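Data block below; observations after.
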Amino acid sequence: QVQLVESGGGLVQAGGSLRLSCAASGSILSINAMGWYRQAPGKQRELVARFTSDGSTNYADSVKGRFTISRNNAKNTVYLQMNSLKPEDTAVYYCQIATIWYDYWGQGTQVTVSS
């Protein structure tokens, strides 16, 4: 059974940094993409950053230059380094792995940025 477990969220002041981690367990085949999404209260879930199947990265315009996605294949872990955080980055952050058959999601981790 596939499980994605996020960690690293918390409360930080504007301008601060956080590093999110997502550890995947179980057998996951035919991965199309893996990365991070977020959902703020009253808003739709949106892409933050992801790796595509060819290894390239996509970032939301709002986080370019501030957030960096990385991964450790040996540990089946993907990370999101978030710098220069802004109050508008406040959201629940979800890890996602998309395969050709199914999308797997983590339980989410809360990130709150105070002004």
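The values are calculated or read from the model by the stated rules, or taken from the named source; none is laboratory data. All values reported here derive from a predicted model rather than from experimental measurement. Please note: Cβ atoms are built from the backbone with ideal geometry, for glycine as well, and neighbour counts cover all protein chains shown. Note: areas computed on protein heavy atoms with side chains; ligands, DNA, RNA excluded. Shrake-Rupley method; radii C 1.70, N 1.55, O 1.52, S 1.80 Å.
Go through the range 85-115 and give me each residue that's free of Cβ contacts under 8 Å to residues at least 12 places away in the same chain and over 16 Å from LEU47 (Cα atoms). Let's see the steps before the verdict.
Taking the range 85-115 and keeping what is free of Cβ contacts under 8 Å to residues at least 12 places away in the same chain, we get 102-103.
Passing the criteria: only TYR102.
Given the structure, is THR90 at pLDDT below 95 and in contact with a Ser or Thr (Cβ under 9 Å, 6 or more places away or on another chain)? Can you show your working first?
Values: at pLDDT below 95: no; in contact with a Ser or Thr (Cβ under 9 Å, 6 or more places away or on another chain): yes.
Answer is no for this residue.
For the range 99-113, the criterion of being in a strand (DSSP E or B), touching a Pro at 6+ places or on another chain (Cβ under 9 Å) and open to solvent by less than 40 Å² (accessible area, probe 1.4 Å) is satisfied by at least one residue. Filtered by the rule that a residue be at pLDDT below 95, small (Gly, Ala, Ser) and under 16 Å from CYS22 (Cβ atoms), the range 55-80 gives a lone residue, ALA74. Taking the range 1-13 as the range and being open to solvent by less than 50 Å² (accessible area, probe 1.4 Å) and assigned to a loop (DSSP other than H, G, I, E, B) as the test, the residues that pass are VAL2, GLY8, GLY9. In summary, ASN83 fulfils each of the numbered conditions (1) at pLDDT 95 or above; (2) surrounded by 15 or more Cβ atoms within 10 Å (Cβ to Cβ) with the single exception of condition (2).
Within the range 36-50, is there a residue that is under 14 Å from the mean Cα position of the chain (by Cα), open to solvent by 20 Å² or more (accessible area, probe 1.4 Å) and among the hydrophobic types (A, V, I, L, M, F, W, C)? For the range 36-50, residues under 14 Å from the mean Cα position of the chain (by Cα), open to solvent by 20 Å² or more (accessible area, probe 1.4 Å) and among the hydrophobic types (A, V, I, L, M, F, W, C): present.
Residues that are at pLDDT 95 or above and part of a strand (DSSP E or B) within the range 29-44 comprise GLY35, TRP36, TYR37, ARG38, GLN39, listed in sequence order.
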